Structure formats: structure tokens, C-alpha cells
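Report on one structure; see the data block that follows.
The values are calculated or read from the model by the stated rules, or taken from the named source; none is laboratory data. Predicted model only: the values in this text are computed from it and were never measured. As a convention, Cβ positions derive from the backbone with ideal geometry for all residues, glycine included, and neighbour counts pool all protein chains shown. To get the accessible areas, we keep the full protein, side chains included, count just its heavy atoms, and leave off ligands, DNA and RNA. Shrake-Rupley method; radii C 1.70, N 1.55, O 1.52, S 1.80 Å.
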Amino acid sequence: MAVQLPNLPYAENALEPHYSAKTISFHYGKHHKAYVDNLNKLTSGTLLDGKPLEEIIMAAAGDATRVGMFNNSAQVWNHTFFWNCMKPAGGGRPTGELAKRIDQAFGSYEKFAEQFKTAAVGRFGSGWGWLALDGGALKIVSTANADTPMASKQTALLTVDVWEHAYYLDYQNRRPDFVQAFLDHLVNWDFVAGNLGKAK
Ligand code: FE
């Protein structure tokens, strides 16, 4: 069974006005789909054909002969994760255990948000901003291009895509405005809390 493009967890217009149906139709329907199609072409007839996505990512990570396979598999995973990190009428503050852990790690939600924005907006070129677990500690990291926390033995909790294709139609060059809207209106904190719960 080849890797599949998962369904979006909401309708294409569900995140408007903060993330348009037009952006999602390109970002999900063209970019995400292309990573799936490219990955399946690259794995076809190899030992990784039909393997679970995470297994392909980890087998290709750090392997100079499998750069394309790593880039496409990690981008498939990152995008599926990103869609789940958003929901209609999301954003604002986390609650419960997750809120406590964020306060402990960063001092306050405001300090977390500042650091997250700095990491995501400051990523030079294409990449991703993350909240991740690293050896049991909450950390904000950014990765370049397709790179993904699991390749560094970290567990992803939250991500924002800061490739230009993620925001250009809605925000043009205003990456900070996109990341702010993501935090204020789009984050699905229930998904993030679930990721933290599973990681324990
Ligand atoms: Fe993207």
C-alpha cells in the first residue's frame, strides 16, 4: 500500500478568514499531494515500498543516497501534522496540563508566543516552526526545508509551515502576520495537548 494523501480534518474554507480556501486548495491539493506522489515514485520498487511513513522518514534521514526520499516523506508528514494543528475558531491560550507545562518551560504563554514567533519568522528561507519535546523538555525549534523533529529524536507537538507557499496568497510577504494569525485564531490546542499526552 502506497502512502496516501490523508483527508483534511475540515472543509477547505473552514479556516477563513485567517487561512483561505484558495490557499488550502493549492497548499493541500497541489503541494501536499505532490509530496505524496513524488514519495511514492521514489519508493516504488525499493525496500521501503509500502512501509509506514515514519519508517521511511527514519530510514532516509541522514542517508545521502536518499535525500529526495527524506525530503518528500518528511514533507508529507509535516503537512499532515500541520493541518491537524489548526481548527476553525482555534488559537488563543492552551489550558490544563499543557498550559502548565508551557508556563514552566517558558515563563508564560506570552513568552512562549514571542519565542515561537521569533523562531518561525526568523527561519531563513523555507522551513517550519515547532513546539517539540526534547528529552522530556518542551522546546521551540525551527527546521529548514523538509526537516522534521523526529529526525533529531524530538517529538513534535505543534508546527507552523513558514514556506512561502503556506501564506503568500493570503499574507504576501508578511510572514509575521501569518504566524500571529496562526497563534491567535488557528491553533488546535486540543491536538497539541493530545500529542503531549501520547508522548508521556
Ligand atoms: Fe507547506
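Does the stretch 151-170 hold any residues that are assigned to a strand (DSSP E or B) and among the hydroxyl-bearing types (Ser, Thr, Tyr), and which are they?
155, 159
So which residues in the stretch 151-166 are within 11 Å of the ligand (Cβ to nearest atom) and either open to solvent by less than 10 Å² (accessible area, probe 1.4 Å) or basic (Lys, Arg) (or both), if there are any at all?
159, 160, 161, 162, 166, listed by residue number.
Considering only the stretch 37-55, state which residues are of a type in the set (A, V, I, L, M, F, W, C) and over 17 Å from residue 145 (Cβ atoms).
The answer is 47, 48, 53.
Table: residues versus (1) surrounded by 15 or more Cβ atoms within 10 Å (Cβ to Cβ); (2) assigned to a loop (DSSP other than H, G, I, E, B); (3) away from the ligand (no atom under 16 Å from the Cβ); (4) among the basic types (Lys, Arg).
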| residue | (1), (2), (3), (4) |
| --- | --- |
| 74 | yes, no, no, no |
| 77 | yes, no, no, no |
| 92 | no, yes, yes, no |
| 101 | yes, no, yes, yes |
| 110 | no, no, yes, no |
| 132 | yes, no, yes, no |
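Please tell me if residue 183 is within 21 Å of residue 106 (Cβ to Cβ) and not polar (S, T, N, Q).
So residue 183 fits the description; yes.
Within the bounds of the stretch 82-91, is there any residue that is charged (D, E, K, R) and in contact (Cβ under 8 Å) with a residue 60 or more places away in the chain?
Within the stretch 82-91, one or more residues are charged (D, E, K, R) and in contact (Cβ under 8 Å) with a residue 60 or more places away in the chain.
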